[in-house]
Amino acid sequence: MMEVYLDNSATTKCLPEVAALMTHILCEDYGNPSSLHKKGVEGEKYVRYAKEVIAKCMKVQEKELFFTSGGTESNNIALIGGAYANCRAGRHIITTRIEHPAVLQPCAYLEEQGFQVTYLPVNAKGVIHLADLEKAMTPNTILVSIMHTNNEVGSVQPIEQIGKLVKRINQNALFHVDAVQGFGKFRIYPKRMNIDLLTVSAHKLHGPKGVGFLYIDEGAKVRPILFGGGQQKGMRSGTENVPGIAGMAKAIEEIYTDFDPKIQYLYGIKERFVKGVSTIEGIKINGPEIREGAPHVVSVSIQGVRSEVMLHALEDKGIYVSAGSACSSHRPTPSATLKAIGVEKQYLDTTLRFSFSLYTTEAEIDYTVKCMKELIPMLRRYTRK
């Protein structure tokens with residue numbers, strides 16, 4: 001039986017070059033980068049290599065990069081650290097209704113601490129209206145947090161236009177972008193896009209789990225939220241995860257080499273899948289058009305078949321997908337993103353997310369579509385009316 005992994009928005013397979021480099025560091029160059037001896041200097045070299053690679057990729061300064069344990073921590077530092085560092089200027093924050101829980105939960109926490117949060121709606125394609133953002137901005141707005149690419153439906157926000165708008169209305173408001181799903185799929189240049197804070201996670205782009213980074217513009221005021229040994233200029237204490245940091249840099253280097261053909265390949269895979277499933281009766285594709293959205297995510301509602309049932313039926317065929325966002329799918333509550341884009345009630349618990357990677361082949365897509373064509377009519381017959 002063919003094994004088909006189509007849950008790449010949850011996590012990706014580590015590149016062999018990444019795993020090899022990390023193994024070498026774990027077993028040979030294992031020094032603590034804060035140690036003053038030769039082993040420590042070797043460790044420090046890998047951290048410097050990572051900063052060089054990422055800074056060059058985004059056209060930013062190395063001193064503006066801070067390594068973290070991943071997307072959740074980076075978002076928490078940006079939101080909580082950004083809010084507290086700027087609370088004298090105001091206590092108003094703007095975000096959207098379709099953010100990842102790693103943004104929405106810190107916002108809920110800040111509301112409990114007396115901050116006011118505005119949640120912007122989105123259209124049927126999952127994109128905000130710039131007019132809504134303009135209306136929501138006040139002299140008290142200190143932070144705007146808007147994701148680059150949505151993890152459930154793949155909608156992409158007009159980040160450059162948003163950055164311009166935020167800075168035109170309030171030069172001092174911080175603009176944070178959660179780019180966990182967008183980095184590695186798009187070229188992102190924070191300076192050009194007026195981004196002050198940017199979140200990235202390694203395991204979404206064929207790097208290791210448990211590591212990411214936060215870009216903090218040198219002019220942005222952010223308070224640390226972790227305290228300890230004072231590593232990374234006191235912004236993020238704790239011994240640097242050298243194998244993870246080097247592995248992330250290696251993955252970024254590989255992904256952004258010959259970048260355009262890779263992205264075109266992903267769009268081709270996405271197109272093949274969408275065309276294939278669209279021939280099945282009672283299928284609805286949620287969110288943006290194929291080329292308007294991210295190249296790697298498709299949200300599919302299957303009339304008359306509950307998502308969990310479909311997920312396990314596909315699993316029996318060796319196909320792995322996700323029901324909504326895998327990062328929080330143990331809680332079977334209807335997706336806030338699907339509600340926000342106006343998906344009808346009957347489709348809310350019949351939706352699956354298919355997400356692709358450079359490892360996904362056309363043969364895997366054809367096999368998946370074939371299995372869906374066989375399974376769906378059969379499962380509909382057994383569904384409780």
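Annotations
- Principal axis dimensions, the stretch 16-255 - Cα atoms, whole angstrom, descending: 56, 36, 28
- Distance between the modelled labels on Asp366 and Lys209, one decimal in nanometres: 3.3 nm (7 Å Cα→Cβ projection).
- Considering only Arg187, Arg97, Arg306, the Gaussian network model of the chain with Cα springs below 10 Å gives its largest mean-square fluctuation to Arg187.
- In order through the stretch 204-215: 3J(HN,Hα) via Karplus (6.51 cos²θ - 1.76 cosθ + 1.60), integer Hz, x for Gly, Pro: 8, 10, 6, x, x, 7, x, 8, x, 8, 10, 8
- Residue among His24, Asn8, Ile77 farthest towards the positive dipole end of the stretch 5-89, charges placed on Cβ: Ile77
- Residue-by-residue Karplus 3J(HN,Hα) for the stretch 347-356, coefficients 6.51, -1.76, 1.60, Hz, glycine and proline x: 9, 4, 9, 10, 10, 10, 10, 10, 9, 10
- Antiparallel DSSP beta bridges within the stretch 16-255, percent to nearest 5: 40
- Listed peptides 170-180, 308-318 appear in the order 170-180, 308-318 once ranked by packing, highest mean of other Cβ atoms within 10 Å at the front.
- Under 5 Å between amide hydrogens, built in the peptide plane, is the criterion, and for Gly70 it picks out Gly212 among residues at least 5 positions away or on other chains.
- Cα gyration tensor category, rounded, prolate or oblate, for the stretch 1-142 with a/c compared to 1.5: oblate
- Label-zone membership for the stretch 225-243, site Cys27, 7 angstrom Cα→C-beta point, backbone N under 17 Å: 243
- Entry note, the chain: relative contact order of 24 percent, from Cα contacts under 8 Å with a spacing of 6+ residues.
- Applying 1/(1 + (r/R0)^6) with R0 = 30 Å to the Cβ-Cβ distance of Tyr109 and Glu134 gives a FRET efficiency near 0.65.
- Simple spin-label estimate for Asn172 and Ala55 gives 2.9 nm between the two label positions (7 Å along the Cα-to-Cβ direction from each Cα).
- Rounded if a/c under 1.5, otherwise prolate or oblate - the stretch 122-281, Cα gyration tensor axes: oblate
- C-alpha center-to-center spacing [the stretch 257-275, the stretch 115-145] in angstrom: 31
- The stretch 192-243 shape via C-alpha gyration tensor axes, a/c threshold 1.5: oblate
Quick note: the coordinates plus some simple rules give every number you see, no bench work behind them. Just so we're clear, the structure is a prediction, and the values are computed from it rather than from any experiment. Every residue, glycine as well, gets a Cβ built from its backbone with ideal geometry; the counts of neighbours run over all protein chains shown.
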